[in-house]
Amino acid sequence: MAPGLLAALLVLPAPAAPQPGGAFRLAFGTDPPTLDPAQASDTTSSTVIRQIFDALLELDERLEVRGALAERWAVSADQRVYTFHLRAGVRFQNGRELGATDVKYSFERAARGKRPWVFEKIAGARDFIRGRSPGIAGIRTAGERTVEITLDRPFAPFLYLMAYDAASVVPREEVARRGATFASHPVGTGAFRLAEWRHDDELVLERFPEHFRGAPLLNRIVFRIIPAEITRFNEYRTGNLDVTDIPTGYCRRVQRDPRTGHDVAIWPTLGTSAVRFNVERPPFDDRRIRLAIAHAVDPRVAVRGLLEDCVSPPRGILPPAMPGFNERVRALAFDPALARQLLASAGFPGGLGLPRVAYYYNTTELNQRIAELIQAELGEIGIRLELRRLDWAAHIMLVDDGTAGFFRQGWIADYPDPENFLTVLFHSRNVGAAGNTSRYRNAAVDRLLDEADAMPAGVARFRRYGQAEQLILDDAVWVSLYHYSSRALIKPYVRGLERSPLSSAPEFLAPLRKVWLAR
């Protein structure tokens with residue numbers, strides 16, 4: 001080795017050792033609606049829940065399954081029976097030791113909560129959820145630390161469900177003592193416990209020293225409630241936050257700014273923004289009208305302009321970060337000439353005779369600007385678009401009940417499997433509020449999705465989903481606008497913060513027990 005190279009190696013600093021202590025400061029745009037894992041249905045609540053509670057399993061940054069409360073597990077040859085062996089010595093934050101009956105209790109409680117679909121694949125779960133049986137027959141405890149779960153039929157992504165926060169384990173006695181207030185006084189087994197919650201202002205977690213993995217390095221996590229994204233950004237710049245999201249329209253600016261350029265982190269997530277149609281409502285029951293609109297909308301305008309190339313342009317329905325993403329699916333191309341031909345063939349040349357089309361979207365500045373782009377693009381082929389901006393609650397109510405015919409809808413996967421996108425959003429059994437808000441019914445798509453859902457993991461299963469995805473795209477039921485990316489600013493002293501495809505700033509669904517501050 002050359003002497004100069006040896007000298008250079010000798011003076012390289014050693015990797016920094018994790019340092020205990022400090023408070024990690026983040027901000028949400030809104031207060032978490034609940035901290036009860038059985039009642040949560042939003043990412044803000046889930047971010048906090050995942051720090052206070054543990055599930056049987058968890059997903060790492062590469063979306064691989066790891067043990068959490070379960071130290072090991074086995075799957076039967078027929079892929080229907082899952083046996084989980086719990087770690088010894090795990091304690092709830094009230095001091096009591098965890099047992100197998102806590103898992104059964106928690107699952108049955110959550111099965112009648114906000115996300116019953118997490119448990120519906122378990123034998124007997126549907127009867128229990130509908131009140132036809134006193135418990136879920138497919139959940140059986142065998143001794144103090146073994147839980148056996150039997151499914152109705154094989155379901156390849158079942159282990160992902162066991163890592164989902166709705167499957168978090170809670171102590172029965174605390175739920176009984178607190179009742180409905182358990183949602184604001186949670187007790188779990190997680191690495192952090194609730195210390196203080198001033199609603200619409202600040203939520204503070206403190207380390208739980210008796211966590212089964214050992215005490216986390218951070219002393220506290222402070223979640224501030226700051227509704228305006230530009231205010232969160234300014235608080236970050238002044239040093240009052242350690243992490244924040246990048247405001248809409250600021251992506252290039254922060255990348256070029258010498259004060260923030262090195263802090264920018266952008267990574268793909270498991271979500272897609274789209275417009276879709278209720279195919280039961282005229283004129284969208286005519287495939288030619290849907291195709292005309294799809295060919296008249298150019299997603300590149302929003303991706304390059306409004307979103308500054310800080311998101312992924314659409315390839316299909318599934319986001320590129322999703323396992324099973326198919327590069328060969330063909331989205332409908334931007335082709336205004338073809339759009340005009342289709343409109344004429346449907347009996348509306350140049351849009352003549354076609355009533356104004358209402359477009360529904362939920363309130364954000366970005367959604368407003370995208371709606372205006374779509375309005376201008378459709379105007380070029382003769383379709384007059386009437387914009388109807390609503391708050392989220394009103395928007396989703398009209399979408400779910402079928403009132404909206406043409407509307408904005410995004411989707412972020414709950415777990416990394418195509419089933420959670422394609423089956424949920426397009427299978428005929430999910431028509432309506434269950435996910436298929438297009439009210440789309442296609443026997444060929446249903447058959448492909450049913451086959452894929454029941455197949456073992458592997459290439460053949462993903463191929464079935466790809467075939468179903470192409471049929472859906474060709475029917476112009478859903479038109480992707482862009483695939484989500486998380487766009488964050490992270491201080492350079494923040495270490496161990498996982499950039500998982502499941503996380504999207506400012507909500508980080510990663511385990512914050514791994515974070516430490518090098519300062």
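The values are calculated or read from the model by the stated rules, or taken from the named source; none is laboratory data. Please read all numbers here as calculations on a predicted model, not as lab measurements. We place every Cβ from the backbone using ideal geometry, glycine too, and count neighbours over all the protein chains shown.
Values computed for the structure shown
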{"read-out": "Which numbered condition Ala510 misses (of (1) of a type outside the set (Asp, Glu); (2) surrounded by 19 or more Cβ atoms within 10 Å (Cβ to Cβ); (3) in contact with a helix residue (DSSP H, G or I) (Cβ under 7 Å, 6 or more places away or on another chain))", "value": "(3)"}
{"read-out": "Subset of region 117-166 [closer than 23 Å to Ala454 by Cα and of a type in the set (Gly, Ala, Ser)]", "value": "Ala123, Gly124, Ala125, Ala137, Gly138, Ala156, Ala163, Ala166"}
{"read-out": "Residue satisfying condition, being modelled with pLDDT of 95 or more and within 28 Å of Pro171 (Cβ to Cβ), within set Arg80, Arg66", "value": "Arg66"}
{"read-out": "Matching option when the condition is at pLDDT below 95, crowded, with 16+ Cβ neighbours inside 10 Å and either touching a His at 6+ places or on another chain (Cβ under 6 Å) or under 30 Å from Lys491 (Cβ atoms) (or both), among Glu235, Glu229", "value": "Glu229"}
{"read-out": "Members of region 238-258 found to be at pLDDT 95 or above and surrounded by 18 or more Cβ atoms within 10 Å (Cβ to Cβ), listed by number", "value": "Leu241, Asp242, Val243, Thr244, Val254"}
{"read-out": "Strands (runs of 3 or more DSSP E) lying entirely in region 23-81 (those with 3 or more residues that are outside the structural domain of Ala156 (by TED's automatic domain parsing) and either at positive phi or surrounded by 20 or more Cβ atoms within 10 Å (Cβ to Cβ) (or both))", "value": "23-28"}
{"read-out": "Only one of Arg178, Arg213 that is in the same structural domain as Glu58 (by TED's automatic domain parsing), charged (D, E, K, R), at pLDDT 95 or above and surrounded by fewer than 17 Cβ atoms within 10 Å (Cβ to Cβ)", "value": "Arg178"}
{"read-out": "Only one of Arg115, Arg96, Arg109, Arg132 that is at pLDDT below 95 and either within 23 Å of Ala457 (Cα to Cα) or out of contact with any strand residue (DSSP E or B) (no Cβ under 7 Å at 6 or more places or on another chain) (or both)", "value": "Arg115"}
{"read-out": "Neighbours by Cβ (under 6 Å, 6+ apart or cross-chain): first from region 361-381, more than 19 Å from Arg276 (Cβ to Cβ); second among the hydroxyl-bearing types (Ser, Thr, Tyr) and modelled with pLDDT under 90", "value": "Glu365/Thr248"}
{"read-out": "Residue count, region 113-143 (criterion: farther than 21 Å from Ser76 by Cα and assigned to a loop (DSSP other than H, G, I, E, B))", "value": "9"}
{"read-out": "First in region 431-459 and touching a residue at least 12 places away in the same chain (Cβ under 8 Å) and more than 17 Å from Arg290 (Cβ to Cβ), second anywhere and hydrophobic (A, V, I, L, M, F, W, C) and in a loop (DSSP other than H, G, I, E, B), Cβ under 9 Å, 6 or more apart", "value": "Ala452/Ala156; Asp453/Phe155; Asp453/Ala156; Ala454/Phe155; Ala454/Ala156; Met455/Ala156; Pro456/Ala156; Ala457/Ala156"}
{"read-out": "Residue among Gly261, Gly271 that is closer than 15 Å to Tyr484 by Cα and either surrounded by fewer than 20 Cβ atoms within 10 Å (Cβ to Cβ) or at pLDDT below 95 (or both)", "value": "Gly271"}
{"read-out": "Options Ala404, Ala393, Ala413, Ala371; residue that is under 30 Å from Glu229 (Cα atoms), modelled with pLDDT under 95, crowded, with 17+ Cβ neighbours inside 10 Å and among the small types (Gly, Ala, Ser)", "value": "Ala413"}
{"read-out": "Some residue of region 457-480 being under 30 Å from Ala27 (Cβ atoms) and in contact with a strand residue (DSSP E or B) (Cβ under 8 Å, 6 or more places away or on another chain)", "value": "yes"}
{"read-out": "Yes/no for Val175 being within 24 Å of Asp127 (Cα to Cα) and assigned to a helix (DSSP H, G or I)", "value": "yes"}
{"read-out": "Residue within region 157-171 that is among the β-branched types (Val, Ile, Thr), over 24 Å from the mean Cα position of the chain (by Cα), surrounded by 15 or more Cβ atoms within 10 Å (Cβ to Cβ) and over 18 Å from Asn420 (Cβ atoms) present", "value": "no"}
{"read-out": "Residue pairs meeting the criteria (Cβ under 9 Å; at least 6 apart or on separate chains; first under 19 Å from Pro227 (Cβ atoms), in region 31-47; second of a type in the set (Val, Ile, Thr) and part of a loop (DSSP other than H, G, I, E, B))", "value": "Asp42/Thr30; Asp42/Thr34; Thr44/Thr30; Ser45/Thr34"}
{"read-out": "Matching residues, region 183-199, being buried (at least 21 other Cβ atoms within 10 Å of the Cβ) and either outside any strand (DSSP E or B) or at pLDDT below 95 (or both)", "value": "Pro186, Val187, Gly188, Thr189, Gly190, Ala191"}
{"read-out": "Leu517 more than 22 Å from the chain's Cα centre (by Cα), over 30 Å from Lys121 (Cα atoms) and surrounded by fewer than 23 Cβ atoms within 10 Å (Cβ to Cβ)", "value": "yes"}
{"read-out": "Selection count where residues are of a type in the set (A, V, I, L, M, F, W, C) and assigned to a loop (DSSP other than H, G, I, E, B), scope region 393-427", "value": "2"}
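Conditions (1) assigned to a helix (DSSP H, G or I); (2) in the same structural domain as Leu159 (by TED's automatic domain parsing); (3) among the polar types (S, T, N, Q); (4) closer than 30 Å to Asp42 by Cβ, marked per residue:
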residue: Gln368; (1), (2), (3), (4): yes, no, yes, yes
residue: Arg388; (1), (2), (3), (4): no, no, no, yes
residue: Arg429; (1), (2), (3), (4): yes, no, no, yes
residue: Ala433; (1), (2), (3), (4): no, no, no, yes
residue: Pro456; (1), (2), (3), (4): no, no, no, no
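Conditions tested, residue by residue: (1) among the basic types (Lys, Arg); (2) under 25 Å from the mean Cα position of the chain (by Cα).
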{"residue": "Glu327", "(1), (2)": "no, yes"}
{"residue": "Arg369", "(1), (2)": "yes, yes"}
{"residue": "Glu372", "(1), (2)": "no, no"}
{"residue": "Arg384", "(1), (2)": "yes, no"}
{"residue": "Trp392", "(1), (2)": "no, yes"}
{"residue": "Asp401", "(1), (2)": "no, yes"}
{"residue": "Ile412", "(1), (2)": "no, yes"}
